[in-house]
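Undergrad: My questions will all concern the structure given below.
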Amino acid sequence: MDAGERIAELRGQRGWSRPELARRMATTPQQLERLEKGQRRLTMDWLQRAAAALETDVTTLVADADLTAVTAGAANAMPFKYEGASNQRMAENLPIYGTAIGTERLFEGDAVEQTMLNTGDTVGYLKRPTMLNGRGDVYGLYVQGSSMDPVFCEGATIVAETKRPPRIGDDVVVYLRPDDHNEDDGLRSRAVLVKRLVRRSGTWIELQQFSPALVFKIETAEILRVDRVMTLGDLLG
């Protein structure tokens, strides 16, 4: 039994319809059907979302060999387990901020997809991995648009942190200053970019997206702050 079939089996055991599980995973019934039938690859993000919705862990959804392939793909990779006892229930208190697809913004003449953000609007909560207990600097966002596909598919959940500075090669959430300088109080941002950090200097940063493929620069004067997107390794400790 593969992971998609296992998800469908657990869904049936709980008496949930496909739309009900899709709602709990913040996706569509059509997307969930493709995942269950093996028509779309089950990435680690999808596995984590399914496990959280089904109130289980990823290791119950996949065989050891499948989990090894998903997490690393290396010959010496080992299946993981979440930190803490298997019966330890994670607190569902990691905030997810409201996002919406925004208008494109020009950088170096290229139109770049941006996400509108409202940090005052908490649209839901994620189950908090035990290693993040007590950390108030982490938050979740739903990915809007397809510019980071296949790294982050539209609707995927990412977790970002403000305390640890990003390094080259990290995926990041870039908070943009308002176009209207009269609205720029130096604290709040209404739009963000979810991209990969490629290079940086004292006056600019260079970012990468994948769909369509594009590398572009932003002047640091246009940026309020840059938060680091946490990796699977960060979340598992």
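Undergrad: Please work out if Val112 is touching a residue at least 12 places away in the same chain (Cβ under 8 Å), within 25 Å of Ala53 (Cβ to Cβ) and hydrophobic (A, V, I, L, M, F, W, C). Please lay out each step first, then the result.
TA: Working: touching a residue at least 12 places away in the same chain (Cβ under 8 Å): yes; within 25 Å of Ala53 (Cβ to Cβ): no; hydrophobic (A, V, I, L, M, F, W, C): yes.
Taking the combined requirement at face value, the residue does not satisfy it.
Undergrad: Would you pick out the residues in region 35-49 that are exposed (fewer than 14 other Cβ atoms within 10 Å of the Cβ) and out of contact with any Pro (no Cβ under 9 Å at 6 or more places or on another chain)?
TA: The answer is Lys37, Gly38, Gln39.
Undergrad: In addition: Condition (residue is at pLDDT below 90, aromatic (Phe, Trp, Tyr), buried (at least 18 other Cβ atoms within 10 Å of the Cβ) and outside any loop (DSSP other than H, G, I, E, B)) applied to region 133-149: is it met by at least one residue?
TA: There is at least one residue in region 133-149 that is at pLDDT below 90, aromatic (Phe, Trp, Tyr), buried (at least 18 other Cβ atoms within 10 Å of the Cβ) and outside any loop (DSSP other than H, G, I, E, B).
Undergrad: Now, a different point. Restricting the first residue to region 209-221 and requiring it to be among the charged types (D, E, K, R), which pairs with a second residue that is surrounded by 14 or more Cβ atoms within 10 Å (Cβ to Cβ) and part of a strand (DSSP E or B) meet a Cβ separation below 6 Å and a spacing of at least six or different chains?
TA: The qualifying pairs are Lys217/Trp204; Lys217/Glu206; Glu219/Trp204.
Undergrad: Out of the residues in region 50-60 meeting the condition of being modelled with pLDDT of 85 or more and buried (at least 20 other Cβ atoms within 10 Å of the Cβ), tell me which one is farthest from Val151 (Cα to Cα).
TA: The extreme case among them is Leu54.
Undergrad: Among the residues of region 119-135, which ones are under 20 Å from Val173 (Cβ atoms) and hydroxyl-bearing (Ser, Thr, Tyr)?
TA: Answer for region 119-135, where residues must be under 20 Å from Val173 (Cβ atoms) and hydroxyl-bearing (Ser, Thr, Tyr): Thr119, Thr122, Tyr125.
Undergrad: Further question: Quick check on Asp66: is it modelled with pLDDT under 85, in contact with a Cys (Cβ under 8 Å, 6 or more places away or on another chain), assigned to a helix (DSSP H, G or I) and buried (at least 16 other Cβ atoms within 10 Å of the Cβ)?
TA: no
The values are calculated or read from the model by the stated rules, or taken from the named source; none is laboratory data. In this text, all values refer to a predicted model and were calculated from it rather than measured experimentally. FYI the Cβ positions are ideal-geometry reconstructions off the backbone, even for glycines, and counts take in every protein chain you see.
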